[in-house]
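Derivation of every value follows stated rules applied to the coordinates shown; laboratory data play no part. Predicted, not measured: the structure shown is a model, and the values here were computed from it. Glycine gets a Cβ as well: all are built from the backbone with ideal geometry, and neighbour counts include every protein chain shown.
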Amino acid sequence: MSSARLSNISSTQNCIKVYVQRDYSQGTLVRFQTHLPDELIDKLELSAFQYTVNQLNNFFEEAESTSCKTYCQGCCACLTAYLMFICVESHYEKVLKKVARFVTEQNEKIYAPRGLLLVNPAERGLRVIEILIINQPVISRA
């Protein structure tokens with residue numbers, strides 16, 4: 001499925017939204033729960049869901065990790081009044097791009113064929129993972 005088609009689907013307001021909450025059991029690092037929401041039990045295999053969430057958790061762990069390189073990058077940023085980030089991407093931004101590519105890949109291979117759409121957690125402020133059920137419209141209550 002092309003990214004243009006995926007972006008058209010994501011603008012759809014008339015679909016069910018399922019949220020996977022942050023996991024704060026290990027502190028405030030960006031981690032998401034690996035429990036499959038009830039709404040997805042018959043639409044997605046547990047192993048596929050857990051692979052996706054675990055990979056996202058690994059990406060965010062990588063983004064928040066420190067190394068000599070990230071320390072030097074922070075020092076250089078301070079010395080240049082953070083103007084260096086006009087020319088150079090931060091480590092965190094690089095990992096966020098990897099997350100975006102991974103989400104697109106997962107949508108094409110796993111989620112879209114099942115009538116689902118995985119939304120990049122960065123688009124939701126890293127608060128939740130949103131999964132849209134695109135082939136099941138929302139029924140309004142009267």
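Here A77, A48 are screened, and the one residue that is closer than 21 Å to P113 by Cβ, part of a helix (DSSP H, G or I) and hydrophobic (A, V, I, L, M, F, W, C) is A48. Selection within the stretch 80-104: residues that are of a type in the set (S, T, Y) and assigned to a helix (DSSP H, G or I). The member of this set that is farthest from L132 (Cα to Cα) is Y92. When residues in the stretch 63-74 are screened for being assigned to a helix (DSSP H, G or I) and either aromatic (F, W, Y) or loosely packed, with under 12 Cβ neighbours inside 10 Å (or both), 4 of them pass. What do you reckon, is F60 of a type in the set (F, W, Y), free of Cβ contacts under 8 Å to residues at least 24 places away in the same chain and either assigned to a helix (DSSP H, G or I) or exposed (fewer than 13 other Cβ atoms within 10 Å of the Cβ) (or both)? Against the criterion (of a type in the set (F, W, Y), free of Cβ contacts under 8 Å to residues at least 24 places away in the same chain and either assigned to a helix (DSSP H, G or I) or exposed (fewer than 13 other Cβ atoms within 10 Å of the Cβ) (or both)), F60 does not qualify. Just one residue in the set R127, R114, R101 is touching a residue at least 60 places away in the same chain (Cβ under 8 Å) and surrounded by fewer than 15 Cβ atoms within 10 Å (Cβ to Cβ); that residue is R127.
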